[in-house]
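Read the structure below first, then the notes.
The values are calculated or read from the model by the stated rules, or taken from the named source; none is laboratory data. These numbers come from a predicted model, not from an experiment. Cβ placement follows ideal geometry from the backbone for every residue including glycine, while neighbour counts extend to all protein chains displayed. Accessible surface is based on the protein model in full, side chains and every heavy atom, while ligands, DNA and RNA are left aside. Shrake-Rupley method; radii C 1.70, N 1.55, O 1.52, S 1.80 Å.
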Amino acid sequence: MYNHRSRYKNKFSFDFGGLKNNDFMKYPIFFLSMIWFAGVGYTQNKPFKTFRDYLLPASNPDILKKTGANINPLASQYLHFLIASELGKQNAYDTITKEKIKQIIQLASKHKSQLGLAMAYYILGREYTIDQDDSLSYCYLTKAEKIFTAGNDTTGIIHCSKLLRSHTRRADKNLPKFYFDRVVTLGQKSKYPLDNYMYYLLIMACDPYLVPQPTESQMEETLNKTLKMIDTYPYFEYIRANVYKNIQEGYLRKQRHDKVLEFALKVMHHINKKIDFMDYQYLGNAYFLVKKYELAVVALEEAGKRIKIERPNALMRRRNIYFFLKKAYYEAGNLKASIQADETYDSLVSVIRDNDRSVALFHLREKYSFADKEAELKSLALEKEIADSQKRLLFGGLIMTLVLVGMVLFFSIKLQKTNAKLLHLQQARDRFYTIIAHDLRSPMNSLNDMGALLHHLIREGKKQELDKVIQQIENMRQQTHLLLNNLFEWGKSQYFINESAAEPDSFDAAVCLQTLCNYYLPFAEAKGVSLVLALPSSLPLKADQKGFETAVRNLLDNALKHTPTGGTITVSGRSREEGLPHHSITIADTGEGIVPEQLKYLQQVFLWKIKPEVGVNGLGLGMVLVYNFVKKNKIKLEIISESGVGSSFSMVG
């Protein structure tokens, strides 16, 4: 008998992503690098997380075979090796090894790999799909699809749904539409080319659920997209045959029988795959459609021979082959062969009818089992919802209790802190009143005695003594005036009014110091103290001028108060213009100095380590105002003092 395969043998060529077999002589480096990449990519413990991760190793069976010999059969990596191997067989249209699938399931269970189980079920479901055993195919594919759905593996979901769309018509008429919609939705939205390809197959096959039906130009456009994708990703080469078969279905629906034959021949001529019974079946059907009956007989006879060897259990596919074969014999004029083929066809129909009863019983059992499971799931869901509601109520009550306890603790702590602050302010207020009373009592007592003394001196005409008394009155007036100014500034400070610092002014500090020293000069002369000025011609300063004057007054007043007769007070200044990094103003005296304990306290205050308080370590109101000024204007105050030698206060900024 004529061997149809030999007719096309010389025309078959190896195609790998657009590179033909003779091109590998031109591109040896590319070829070797692809083999190396495939081997390394698999053997380097590549993580397998989705359906897509198996496609690259599955496209290189030779590399897989060599790699598998070096993997421990009990290791998890061996599980992925087995999956890739069996998937590669299916992609190459070879028969899988059932024992290997059992081993995959055992290893997946051992290593708790949900993906491994899903891949095993998918491979089994796909295998039974080829045999057109709908019951087993549906069973395994739905199991795989559930696991892929739980793992959000879009490629796995689409592959299962595409097969279920074609092989669930006898189970439930609504299921094919459900799986069709799923392939369309996921395939259109996915960013992965392989997912898009599954959607393209529906367009090329003119799936009946597509509304409106694709035009021939849309089919060709989709075909070109798919072929371009295969050329871009060489490890997708295995899908080329499936592309050509699906577009044959589309052209069959369009009654374009010449196109059906064209793509059937392309499968035989151009695909790097093992030609199987199905390829001859498609070719024979195509020849029959174009009325080339003798060629149809040759192809269908070859399909009938091969299916007995390759797929002995695929009874429905054998029936379809003999259905067209008996017609082809008849049209070719071979009535005897047609009758024999018809007898074979009838026997296959009888066997399939018996099997269909078993399948129907299986689907009926599945239907009621599914209803029972659905009711059980609803019951469990309701119980879970009630339990969750109780947990939420309990959790909500616990949270509310904790919030209330937290609020009570918060306000309790806040109240304690407020009480502590109030107590501290009350103590500070008492100290403040004591200092004011002390500072005012001395000048008031002196004024009480001055009245009688003045009257006596005027009556006796003692002019010299009278001048001394008048100078003392002037000193008391100046001290009282400074005290009142300090009280006024204190009242405006951050201790009582939460106001921001005044905007800094640019002014000449040398002029300001000259004016203040002129004011204090008579008091210094009256006490017998020398007031020396050593200022540059100009000393520009950017600060709060009023605060600066208040600070200098208090420093001069302290210096005058603690410097004995014959002592000296020096007011000096240095400018940046003299090459210094900062301006500096120093008020130094040769007075009694500051006791060590009080000096240490003052130095801690002006290093911003502690906050000054009136009455603590002899601290007066004036020094607190100095502190406020230097802190708000970011000026550093350096204090140097030695008992019996004198003190020096330097403002650096």
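Hey, for a label at Q255 modelled as a point 7 Å past Cα toward Cβ, could you say which residues of segment 284-300 have their backbone N under 17 Å away?
In segment 284-300, the label zone of Q255 (backbone N under 17 Å from the point 7 Å along Cα→Cβ) covers 289-291.
Net charge around G116, counting only other residues with Cβ within less than 14 Å of its Cβ (Lys, Arg = +1; Asp, Glu = -1)? Please report the intermediate quantities before stating the final value.
Working: positive: K49, K100, K102, K110, K112, K143; negative: D53, E86, D153.
Local net charge: +3.
Rounded to a whole number, what % of the accessible area of segment 271-350 do carbon and sulfur atoms account for, probe 1.4 Å?
Working: 1850 of 3710 Å².
Carbon plus sulfur share of accessible area: 50 percent.
Contour minus end-to-end for S217 and T95, with contour as 0.36 nm per residue of separation and end-to-end as the Cα-Cα distance?
40.3 nm
So, for segment 501-618, what is the accessible surface per residue at a probe of 1.4 Å, expressed in square angstrom?
On the way: 5910 Å² over 118 residues.
Per-residue accessible area for segment 501-618 comes out at 50 Å².
Given Cα pairs under 8 Å that are at least 6 residues apart, what percent is the relative contact order of segment 581-653?
50 percent
Taking amide H atoms as placed 1.01 Å from N in the peptide plane, list the residues 5 or more away in sequence, or in a different chain, whose amide H sits under 5 Å from that of L539.
HN-HN under 5 Å from L539: A509, A510, V511.
Which percent of the accessible area of segment 562-653 is formed by carbon and sulfur heavy atoms (probe 1.4 angstrom)?
54 percent
Just in segment 141-232: which trypsin sites (Lys or Arg not before Pro) are loop by DSSP and have at most 12 other Cβ atoms within 10 Å?
For trypsin sites (Lys or Arg not before Pro) across segment 141-232 that sit outside H, G, I, E and B with at most 12 neighbouring Cβ atoms in 10 Å, the list reads R169, K173, K191.
What accessible area per residue comes out for segment 178-276, rounded to a whole number of Å², with a 1.4 Å probe?
44 Å²
Here are some pairs, K146/K189; K189/K259; K273/K326; which of them have Cα atoms lying more than 25 Å apart in this structure?
As for pairs spanning more than 25 Å Cα to Cα, those are K189/K259; K273/K326.
Going by average Cβ density within 10 Å per residue, which order do the peptides 99-110, 300-311, 543-554 take, highest to lowest?
543-554, 300-311, 99-110
Output the peptides 634-641, 400-407 sorted from most to least packed, where packing is the average of other Cβ atoms within 10 Å over each peptide's residues.
My ranking of the peptides, most packed first, is 634-641, 400-407.
Note down the nm distance, to one decimal, between modelled labels 7 Å out along Cα→Cβ at N518 and at L425.
4.3 nm
Which whole-number percent is the relative contact order of segment 58-157 (Cα, under 8 Å, 6+ apart)?
20 percent
Just the number, please: carbon plus sulfur as a percent of the accessible area of segment 189-239, 1.4 Å probe, no ligands or DNA/RNA counted.
Summing carbon and sulfur atoms, their accessible area is 55 percent of the total for segment 189-239.
Strictly over 20 Å apart at the Cα level, which of K162/K305; K89/K274; K177/K266 would you flag in this model?
From the list (K162/K305; K89/K274; K177/K266), the Cα-Cα distance tops 20 Å for K162/K305; K177/K266.
Taking only Cα atoms of segment 504-622, what ratio of Rg to Rh do you get with Rh as the Kirkwood inverse-distance radius? The partial results should precede the final answer.
Details: Rg = 15.3 Å, Rh = 15.6 Å.
Radius of gyration over Kirkwood radius for segment 504-622 works out to 0.98.
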